[in-house]
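Quick note: the coordinates plus some simple rules give every number you see, no bench work behind them. Keep in mind that what you see is a predicted model, and the values were worked out from it rather than measured. Positions of Cβ are generated from backbone atoms using ideal geometry, with glycine treated the same way; all protein chains shown enter the neighbour counts.
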Amino acid sequence: MRAGLYSSIRYMPFGDTALVVELGDAISLEVNSKVLALNEAVLKAKIEGIEEIVTTYRSLLIRYNPLKTTYEQLAFYIKDIAQVLEKKSVEIEGKKIIVPVAYGGEYGPDLSYVAKHHGLSEGQVVKLHSGREYRVYMIGFVAGFPYLGEVPDEIATPRLETPRLKVPAGSVGIAEKQTGIYPCEAPGGWRVIGRTPVKLFDPQQEPPALIKPGDRVKFKPISKKEFEIIGKAVLKGFCLHSFEE
Amino acid sequence: MAAFKILNPGLFTTIQDLGRFGYLKYGVPISGAMDTFSFVAANLLVANNPNDACLEITLIGPELQALARTQVAITGGLASPKINGQNVPMWETLGVQEGDIISFGRIVKGCRLYFSIRGGVNTPLVLGSRSTYVRGMLGGLNGRQLKTGDMIEVFAKPHLETRLSMSEELMPQFTGRFMMHVILGPQSDMFTEKGMQTFLSNSYKVTSEADRMGYRLEGPTIEHKSKAEIISDALLPGSVQVPRGGKPIMIMRDAQTTGGYPKIAVVVSPDVSLLGQARPGDIVEFSRITIKQAREKALEYYKLLKNLSNMLIKDR
């Protein structure tokens, strides 16, 4: 097994309306890149009966119409596509998105815990968290929630023992080596270290989510004052979705 | 046009259609009517399209006042609907006059009713659907459950000359026991043989933690081999997750789109629709079938849904 990749891809039924294609058993760039490449190739092949595909860290869930195709038929086609892909090297470019974040204080109630847990200052945690570009591994949990990885070991922190009933929209959190952004208010156990004023999910837009798997996210520390200014602009409907470089 | 005013919303009443498809990859659940069969029947009984939006009513019914002459139908679990205090039948076209008061009482069998209105409920389409997804504040009436004073708008459609009804043998019967056919996997290999036996040979009870997102079940503990977590991957309605404690969780239509617990099995799609009528205290059992058997069941079910409008009884 190379970097968490299986030597042969696993195909598994998911009820009578979906098929799971699992490429590995690790959170890694290599596994996820293979997943995204296979997703693109399958979409391009326009296979009859496929309704939609969900990509995750290490697998694809392919939902199909059981009146138009069968599990066996789909698995057969996809094995074919995967075989061709196997010989190619894959690179997922994705777009780069800069997400402004106000760290600490009321916006990041767990920043001080994360700092103490690792014997760092709050400033050092912010520097480490905003100092690298993160890969979007998948979208899930709630509408538009991006799972980003991976944070430096120095700030990787376990989840809260008791999840909060309400985490405000825009909250940026850490769970072990993952970091993520809550697009809407939701219950959750991630350590919240900051908040972004930008809107990650807008059902009036097509596509409704700003960020998609394969994209690269970099956090930019902003002041509380900047947070308020951007927040007001977003409320007025300015498309301050992101600052793209 | 405004067809009804909500005088009392009942326990939990929302606007639903067949669901919001194609947005799982953005983390948006499918949502839609929990009991697809009863939902489609409600629409067909007022000669609507199968996907037109209806009210989904949970356990304790609302009270509505008609603002115009229209036609409606009530399907789903067993309740005692009334118009102006007079009992009216379920599973048939009902005429309603301006000012009439419709009530539903308590649902005594099953968990949900569908209330269709001729023309279909008119709310803005959100990502292609009118289904309410309360947790994500999407769809329906401002993304929330209905409340007192809400106005229900419908699309205008000519009055039906025929009264439609459904024969008794087509009506689903809810006995409080649900035999769910499942296909094992995708993580059935994370359970011991004993754990799998436990899952397939015991009854599980729906706890009070049961809503449109999912049902926590109570019953014998299902044994994992070792780990009880996976790298989070995708979920669909019908997934049976088993977290560390060994008590299964049924994933339903408003659930999160990804999860980190192993899935021992997935309930086949026609049975997920039935399970939409399970209420706290009901019994769920699981029976293993092959993909081929599941396909035959699905073909039969979708054929029934497709032909249902021709199977209704028409009289003038």
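Our helix-only sum for chain A, with -39,500 (n - 2.57) per DSSP H run of n ≥ 4 divided by its residues, gives a mean residue ellipticity at 222 nm of -8000 deg cm²/dmol. Taken one residue at a time, the phi angles of region B:244-254 give Karplus couplings (6.51, -1.76, 1.60, θ = phi - 60°) of 3, x, x, 9, x, 10, 7, 8, 10, 6, 9 Hz. Gly and Pro are set to x. Dipole size of chain B about its Cα centre, with +1 on Lys/Arg Cβ and -1 on Asp/Glu Cβ: approximately 320 debye, rounded to the nearest 20. With 31 Å as the limit, the listed pairs A:LYS46/A:LYS95; A:LYS44/A:LYS220; A:LYS46/A:LYS218; A:LYS87/A:LYS199; A:LYS95/A:LYS177 have A:LYS44/A:LYS220; A:LYS46/A:LYS218; A:LYS87/A:LYS199 beyond it between alpha carbons. Structural descriptor for chain A: relative contact order 19 percent, calculated from alpha carbon pairs under 8 angstrom and at least 6 residues apart. Across A:GLY24, A:GLY194, A:GLY119, mean-square fluctuation computed from a Gaussian network of chain A (C-alpha pairs under 10 Å connected) peaks at A:GLY119.
Dividing the helix sum by the residues of chain B, where each DSSP H run of 4 or more adds -39500 (n - 2.57), gives a mean residue ellipticity at 222 nm of -4500 deg cm²/dmol.
Could you tell me the calculated FRET efficiency between B:GLU98 and B:ASN49, based on Cβ-Cβ distance and R0 = 30 angstrom, to the nearest 0.05?
On the way: r = 25 Å, r/R0 = 0.83.
Approximately 0.75, to the nearest 0.05.
On the basis of the beta-carbon distance and an R0 of 25 Å, B:GLN293 and B:ASN202 show a calculated FRET efficiency of 0.70. For region B:179-255, what class follows from the C-alpha gyration tensor (a ≥ b ≥ c being the square roots of its eigenvalues): rounded when a/c is under 1.5, otherwise prolate if a/b is larger than b/c, else oblate? Oblate, because a/c is 1.5 or more while a/b does not exceed b/c.
Distant-in-sequence amide contacts of B:THR258, defined by a placed amide H-H separation under 5 Å and a gap of 5 or more residues or a different chain, comprise A:PHE141, B:LEU235.
Computed from the Cβ-Cβ distance with R0 of 25 Å, the FRET efficiency linking A:LEU67 to A:LYS44 stands at 0.60. Between B:LYS147 and A:GLN205, the simple label model (points 7 Å from Cα in the Cβ direction) yields a spacing of 2.9 nm. Shielding by partners for peptide A:141-148, expressed as the average number of C-beta atoms from other protein chains within 10 Å of each residue's C-beta, is 5. Applying both filters, DSSP loop and at most 15 other Cβ atoms within 10 Å, to the trypsin sites (Lys or Arg not before Pro) of region A:89-172 gives A:LYS95, A:ARG132, A:ARG159. The calculated P(r) of chain A, using every Cα pair and 10 Å bins from 0, goes 7, 29, 31, 21, 10, 1 in percent.
Rounded to the nearest whole Hz, the Karplus-based 3J(HN,Hα) values (6.51 cos²θ - 1.76 cosθ + 1.60, θ = phi - 60°) of region A:3-16 follow the sequence 6, x, 7, 6, 6, 10, 4, 9, 10, 9, x, 10, x, 9, with x at glycine and proline. In loop segments of region A:77-148 as defined by DSSP, the GluC sites (Glu not before Pro) with at most 15 further C-beta atoms inside 10 Å of their C-beta are A:GLU91, A:GLU93, A:GLU106, A:GLU133.
Springs between Cα atoms under 10 Å define the GNM used for chain B, and in it the highest mean-square fluctuation of B:ALA41, B:ALA265, B:ALA53 occurs at B:ALA265. When the alpha-carbon atoms of the protein assembly as shown are used, the pair Rg, Dmax equals 24.6, 81 angstrom.
Along the axis of the charge dipole computed for region B:63-216 (Cβ charges of +1 for Lys and Arg, -1 for Asp and Glu, origin at the Cα centre), the listed residues B:LEU127, B:THR198, B:VAL154 are led at the positive end by B:THR198.
Modelled label-to-label distance, B:GLU300 and B:LEU125, 7 Å Cα→beta-carbon offset: nm? Those two pseudo-labels are separated by 3.5 nm.
Taking 8 Å as the Cα distance limit and 6 or more residues as the minimum spacing, I'd like the relative contact order of region A:93-195 as a percentage.
Values: 211 pairs, mean separation 30.5, N = 103.
Computed value for region A:93-195: 30 percent relative contact order.
Can you tell me, using C-alpha contacts under 8 Å and at least 6 residues apart, the relative contact order of chain B as a whole percent? Walk me through the numbers on the way to the answer.
Numbers: 834 pairs, mean separation 64.6, N = 316.
Reported as a whole number, the value is 20 percent.
Which of B:LYS194/B:LYS297; B:LYS5/B:LYS157; A:LYS79/B:LYS25 have a Cα-Cα distance over 24 Å? Among B:LYS194/B:LYS297; B:LYS5/B:LYS157; A:LYS79/B:LYS25, the Cα-Cα distance tops 24 Å for B:LYS194/B:LYS297.
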